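A short write-up of the structure that comes next.
The values are calculated or read from the model by the stated rules, or taken from the named source; none is laboratory data. These numbers come from a predicted model, not from an experiment. Note that we place each Cβ from the backbone using ideal geometry, even for glycine, and neighbour counts take in every protein chain shown. Protein only, heavy atoms only, side chains kept; ligands, DNA and RNA dropped before computing areas. Shrake-Rupley method; radii C 1.70, N 1.55, O 1.52, S 1.80 Å.
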Amino acid sequence: MEKLKNTNELETNKQLDFINILKSKYEDEYKKTGVRKTYYIQTFGCQMNSRDSEKISGILKRIGYVETDTEDADFVLYNTCTVRENANNRVYGRLGYVGRLKKSRPGMLVALCGCMMQESTAVEKIKASYPFVDIIFGTHNIFKLAELIKTRLDNEEIGTKHSDRMVIDLWKDTDMIVENLPNDRKYSFKAGVNIVFGCNNYCSYCIVPYVRGRERSRNLEDILEEVKALASEGVKEIMLLGQNVNSYGKNLDKPLTFAKLLEEIEKIEGIERIRFMTSHPKDLSQDLIDVMGRSKKICNHLHLPLQSGSTRLLKIMNRRYTKEAYLDLVERIKKAVPDISLTTDIIVGFPGETEEDFLETLDVVKRVGFDSAFTFLYSKRTGTPAANMDNQVDEKVAKDRFDRLLTAVQESSSKSLGRYENTVQDVLVEEVNSQDGSLLTGRLSNNMLVHFPGNQSLIGSIIPVYLKESKGFYYIGSQA
Ligand code: SAH
Ligand code: SF4
Ligand code: F3S
């Protein structure tokens, strides 16, 4: 049987045509009015969504829109997340606001995309309660944005109600990866690069596999071409993106490992730092640990979500590793990369979590010494197996555990965070400090922030900085 081709040049060309049609339409309007149309994007959720927003922004700029930083714009888009209930609530909050704004801006287009749109209940609610929305699309077809805008504009004459003109285009899943469309990268010196889309892991609490579809890896050649192009444009740091980067390459025609991909990227001249996100512990191979140990470019940081320290609970979460296997992995990583900074994600209040289970989590936190941890209260996601478990944890109990976990994380991280005090470290200078304009802000290889006095012209370069004082999650430094 012929394998599905997962990149699609025909689709790229078709979408470039739509972009060009809108571009000439908007250019004609600009000649008449002398005013460019503006767009505003608000991104919720993780790095996948941030990367998608760069692609969306690229398409809008190519059409002729100019970016603005408030919702008082001609095109407003919310790129949504649905990993926890509060992410959804924030979007409804913004929709209430933008609905009022739209009344005084008749030509305004409001669009919604991202993970929350892949859930039919959310879309039904929007259709019923926010009928002024113009375009809804999902996570699989962001490349179609120009086509969808054109369809919405063509719909202007249809029906009597605004909701009749709403364009909804949602795909459940796809094998198609559309390359080579416009792109508007947020930074000139660091860039996110998708390597795997979707997720096949079905952790029992998690909505992501349902909204991002099955796992698809990008072709090695496409990734290398993108990274080389970025390097030639002056990008120094790349972040390889996937829900589980460790399973990269398994579904390609010519299967390949993530470790091998890293070795290939390491060879690209100009790239000085390589990061990746996220690593599932069950798929983190010894090969990868060895590559991390040998590499000169892979950063000194590994984000390794634990979720829970209880083997019993990990099994019900469908994580497919035990507490012991996690601790063994950490030992092997620390041996290969002695100075590694480990960070993690932990959920408290998963259905059926007992005090004993929770104490196992605290035990792992103490033993590993994470530099930081994202801690989450379990949030019930309709459609996931955990949502139907009948032993949901009492809210008060979960909140109490959450507070105790936070204290444990702070205690453990405060021991290790200051370890670079009074040393000189390489820092990638990222921006002028948002609080104090005389300071620059940059990052160490281990992802920690450093603030130090310096000239803006240093932004984008990697320079040695003397770390004078640790302030917990950041250092105060001076140029070495
Ligand atoms: N693919 C990544 C995580 C993506 S979601 C991984 O496997 O590590 C980011 C984090 O959100 C997860 O690591 C998990 O800790 C948290 N999370 C996911 N679903 C959640 C839920 N239903 N309730 C609370 N936290 C959740
Ligand atoms: Fe969700 Fe698990 Fe996939 Fe991460 S690996 S995105 S937690 S299902
Ligand atoms: Fe949220 Fe989707 Fe990312 S649900 S965490 S934006 S993959």
Checklist outcome for this item: Note to self: C-alpha centroids of region 227-306 and region 422-466 sit apart, in Å, by 24
Item to check | Semi-axis lengths (Å, descending) of the ellipsoid that matches the C-alpha gyration tensor of region 305-367 | outcome: 22, 11, 10
Checklist entry - If you average 1/r over every pair of different alpha-carbon atoms in region 231-278 and take one over that average, what Kirkwood value in Å do you get? => result 11.5
Checklist entry - Short version: ³J(HN,Hα) in whole Hz for each residue of region 23-33, in order, from phi by Karplus 6.51 cos²θ - 1.76 cosθ + 1.60 (θ = phi - 60°), x for Gly and Pro, what are they? => result 4, 6, 4, 5, 5, 4, 5, 4, 4, 6, 9
Item to check | Backbone HN-Hα couplings from phi across region 422-438 [Karplus 6.51/-1.76/1.60, Hz, Gly and Pro as x] | outcome: 6, 10, 9, 10, 6, 10, 8, 7, 9, 6, 6, 4, 6, 8, 10, x, 8
Checklist entry - How large, in percent, is the carbon and sulfur part of the accessible surface of the chain at a probe radius of 1.4 Å? => result 50
Checklist entry - Counting other Cβ atoms within 10 Å, which GluC sites (Glu not before Pro) in region 185-282 have at most 15 and lie in a DSSP loop? => result Glu233, Glu269
Checklist entry - For the pair Leu101 and Thr311, what calculated FRET efficiency results from E = 1/(1 + (r/R0)^6), where r is the Cβ-Cβ distance and R0 = 45 Å, to the nearest 0.05? => result 0.30
Item to check | Solvent exposure of the chain as accessible area per residue, Å², 1.4 Å probe | outcome: 46
Checklist entry - What ratio of Cα Rg to 2.2 N^0.38 Å holds for region 309-448? => result 1.26
Next on the checklist: Starting from 0.36 nm per residue, how many nanometres of slack lie between Arg320 and Leu224 once their C-alpha separation is accounted for?
Outcome noted: 31.4 nm
Item to check | Chain lengthening between Lys366 and Ser120 when straightened (0.36 nm per residue, less Cα-Cα) | outcome: 84.4 nm
Checklist entry - In the chain, what percentage of the DSSP-assigned beta bridges are antiparallel, given to the nearest 5? => result 35
Checklist entry - For region 24-122, what is the convex hull volume of the alpha-carbon atoms per residue, in Å³? => result 106
Checklist entry - Which values, in whole Å and largest first, are the semi-axes of the equivalent ellipsoid of region 93-219 obtained as the square root of 5 times each eigenvalue of the Cα gyration tensor? => result 29, 19, 15
Next on the checklist: Need the full-extension length gain, Ile168 to Asn155, defined as separation in residues times 0.36 nm minus the C-alpha distance. One decimal, nm.
Outcome noted: 3.5 nm
Item to check | Over region 180-330 - Rg/Rh using Cα atoms and the Kirkwood inverse-distance radius | outcome: 0.98
Next on the checklist: For a 24 Å ceiling on Cα separation, which of these pairs sit above it: Lys254/Lys335; Lys103/Lys150; Lys366/Lys471; Lys254/Lys282; Lys31/Lys103?
Outcome noted: Lys254/Lys335; Lys31/Lys103
Checklist outcome for this item: In whole percent, the Cα-Cα distances of the chain spread across 20 Å bins from 0 upward as 21, 54, 24, 1
